[in-house]
Amino acid sequence: MPRHLLLLVHTVPLDGAFTLNDLAGGGGRMDEVARVLSTALTLSNDLRRDATVTLLFHPKGDGPGRSIVVDGSRVRYLNPDERSTAALLKNALVRSVLADGPVESSPGLTVAPADPREALEAFVRRAGAVWLTESGSPLRAYDGPIGLSAVLSDPTEPTAAERELLEGSGIPRLSVGPRALRSSQVVDLLWNELDLREPPDH
């Protein structure tokens with residue numbers, strides 16, 4: 001079943017003006033953003049072809065944000081290490097600076113200007129939308145569709161506006177466990193739970 005993940009990204013420079021040697025600092029936690037992407041789309045010796053990841057970058061100031069959509073069925077050059085994944089994302093952000101519309105910066109990876117609120121509103125209207133949060137109900141008790149669309153935040157908490165929108169949407173809130181985990185670890189546990197629920201002949 002198709003799976004969709006939206007990661008709310010808050011502190012990564014939108015122009016890609018950071019070095020791959022400082023992803024956690026000057027990169028605004030691009031290290032964890034890259035880990036989320038590689039975790040969501042890579043398997044031991046293959047890619048998750050049925051998964052799509054949207055990275056929704058919050059702007060600093062009044063300008064537009066950015067969205068990067070990575071299609072697991074088409075993406076290339078994605079490896080399970082954060083540095084090369086961060087390089088793909090950095091390249092996309094740099095190429096988006098002068099673009100006024102969508103740009104496929106590499107196969108299966110499309111970057112575009114975005115209004116974060118509008119994009120989040122559209123995502124939570126998807127069938128099977130859920131919000132992954134520490135205060136949610138246990139994932140193992142979730143009896144909704146396997147082909148879900150999950151919203152997750154980066155190491156920064158959702159903004160007040162994002163939280164208000166998510167709470168007002170009424171979508172289920174799910175937690176993967178009792179401890180606070182990194183975003184990439186949450187994706188691993190979510191995908192594993194869904195894998196266990198897939199039909200044997202999937």
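Worth a mention:
- Gyration tensor (Cα) of the chain, equivalent ellipsoid semi-axes in angstrom: 25, 20, 16
- Compared with the direct C-alpha span, the chain from residue 94 to residue 11 gains 28.3 nm at full extension, assuming 0.36 nm per residue.
- According to the calculation over all Cα-Cα pairs in the range 59-168, the P(r) per 5 Å bin from zero is 2, 9, 17, 19, 19, 18, 11, 4, 1, 0 %.
- Cα-centre dipole for the range 3-197 with unit charges at Cβ (Lys and Arg positive, Asp and Glu negative), debye to 20: 340
- Scanning the chain for trypsin sites (Lys or Arg not before Pro) lying in DSSP loops with no more than 16 further Cβ atoms inside 10 Å, the longest uninterrupted stretch between such sites is 127-178.
- Label-point separation in nm, residue 196 to residue 159, each point 7 Å along Cα→Cβ: 3.7
- Computed from the Cα positions only, the extents of the range 128-184 along the three principal axes stand at 29, 25, 16 Å, in decreasing order.
- With each label modelled as a point 7 angstrom along the Cα→C-beta vector, the residue 140-residue 83 pair spans 3.8 nm.
- Note on the chain: GNM, Cα springs under 10 Å; of 119, 87, 161, the largest mean-square fluctuation is that of 161.
- Percentage relative contact order, the range 116-156, counting C-alpha pairs under 8 Å, at least six apart: 47
- With a Förster radius of 30 Å applied to the C-beta separation of residue 21 and residue 1, the computed FRET efficiency comes to 0.15.
- A straight line joining the Cα centroids of the range 121-141 and the range 34-73 runs 17 Å.
Every read-out reported here was derived from the displayed coordinates using simple, explicitly stated rules and does not represent laboratory data. This structure is a prediction, so every number in the text was calculated from the model and none was measured. So basically every Cβ, Gly included, is an ideal-geometry build from the backbone, and we count neighbours across all protein chains shown.
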